[in-house]
Each structure stands twice: as C-alpha cells, then as structure tokens.
1. Restrict the check to the range 19-26 and report whether at least one residue is at pLDDT below 80 and surrounded by 17 or more Cβ atoms within 10 Å (Cβ to Cβ).
2. Of the residues in the range 99-114, how many are farther than 14 Å from Glu58 by Cα and surrounded by 15 or more Cβ atoms within 10 Å (Cβ to Cβ)?
3. So Met122 clears everything in (1) at pLDDT 90 or above; (2) crowded, with 17+ Cβ neighbours inside 10 Å except one condition, right? Which one?
4. So, in the range 61-97, how many residues would count as being under 30 Å from Asp121 (Cβ atoms) and surrounded by fewer than 17 Cβ atoms within 10 Å (Cβ to Cβ)?
5. Can you find even one residue in the range 139-147 that is under 20 Å from Gln37 (Cα atoms) and assigned to a helix (DSSP H, G or I)?
6. Filter the range 31-57 for residues that are loosely packed, with under 14 Cβ neighbours inside 10 Å and more than 15 Å from Ser127 (Cα to Cα); which is nearest to the chain's Cα centre (by Cα)?
Amino acid sequence: MGLIDRIMRVIRANVNASTAQAEDPEKILEQAVSDMQGDLVQMRQGVAAAIASQKRTERQADQAQSLADQWYQRAQMALQQGNDPMAREALTKRRSYQETATALKSQIEQQNSIVSRLKKDMQTLESKISEARTKKDMYIARARSAEASARMNEMLGGMNTTSLNAFEQMEEKVLQLEAQSLAIAELGTDDLQNKFATLEASNDIDAEMTAMKAQLLTGGENPAQISDRSSTTPKDSEIEKQE
C-alpha cells in the first residue's frame, strides 16, 4: 500500500470519527481540510528529505568513483615503474572504491524511484486537497442556505400560528369598530329625523288647535269647511254671488 493510501485512510478515519461526535458539519469540514494540509506539509518535508539524501548519495558515489579512478592511475604508474607489489595494492584500493561507487549508484536508483513515487503521491494529495476545499466551500454554502431556509420556514410557520392570527384579530377588530361607527352615525341620523318628525307633528297639532278655536269663535263651522272655503278662488266666489 502506498504512502498516499495510508494517509487517505487515516484522514477518512479521522473524518468519520469527527462526524460521529461533532455537531457542527462546517467545523468538521474545516478540520478535515486542515488535517489534509498538515499531512501535505509533512509529505513535502519527506520529499525534501528524500531528495537531499539522494543528492548526498550522488556526491558520495561521485567521490568513490573519483578515488577509484585515481587508484587505477596509480596502479598504472607503479606498473610502468616495474613495481608490481605497489601496483597490486593500488588496484586493491581501486576495487574497494569501485565497489562502493557501484553500491551507491544502485542506492541512487532506488532513491530515484522513491522520490518519484513521493512526488506523485504529493501531487495526488495536493489535487485531493484542492478538490476537498472546493467541496468544503460548496457544502458549507449549501449548509448555510439550508439553515437559512429552515429559519425562514420556522418564521413563516410561526407567522401562520401567531402573527397571522394577530393580523386576523386586528382586521376583525377594525371591522367591528367600523360597524360600530356606522351604526352610531345611522342612529344619530335617525334621531335627527325623529326630532324633525316630532316637530312637524307638533306644528300640525298646533294648526289643528288653532282651527278648532276659530270654529268655536265663528259659530261651530267644521274646520274642513273653513279649509274648503279658504281654498276657493275669488272668481268662484263672484260667480256664487251673481247666482
């Protein structure tokens, strides 16, 4: 299993544990991204250390190869001078350094493979972090939108049961007050009409009493006759006299 796989397993385990215990999803996402960022920092440090070790091994291999070449040249010089024992000793030194250089070169190849894999894993983790950040922002925005919608629904629900009832009660009260005002206005109008009707009736009675008094004074004529006589035109009276 690669290093990135182990890291992702740890991250998922931490996220699952946090999800089971924490109450704030936004904090969970923030913590998850923060943990991944911390893992990325450690991975970068690991890659940097692997590269530094590779460079050091390369320098050691170059140095060992350089010494092997130097002892080879010394062996040639000793052979040219006819000093075989010194040439043999120089070749022995040369072989030792050559073996060291060969072993270091093999180690460098392994380190190259490790560094390449670590770089690839680091790039994968960087991509995962970028994706996680995008999803985090999206989920946080959706969560906040859902919370706002829930609060709005609660407000509307509260209005349906309390506030709207208050408006309905207020409307009913206003209608009642308007009806009372209209009734009072109508009653006031009726009282005024009744007063005028009473006044007119009183005037009629006074007129009738005056007519009755006049009847008594004129010798008992019917008020209706007096009324008819008063309504006769002068022309009609002259005709009656001529007759």
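The values are calculated or read from the model by the stated rules, or taken from the named source; none is laboratory data. Quantities reported herein were computed from a predicted structural model and do not represent experimental measurements. So basically every Cβ, Gly included, is an ideal-geometry build from the backbone, and we count neighbours across all protein chains shown.
1. No, the conditions are met nowhere in the range 19-26.
2. The number of residues fulfilling the criteria is 1.
3. So Met122 meets the others, but not (1).
4. Going through the range 61-97 one residue at a time, the tally reaches 1.
5. Scanning the range 139-147 turns up at least one residue that is under 20 Å from Gln37 (Cα atoms) and assigned to a helix (DSSP H, G or I).
6. By that ranking, first place goes to Gln42.
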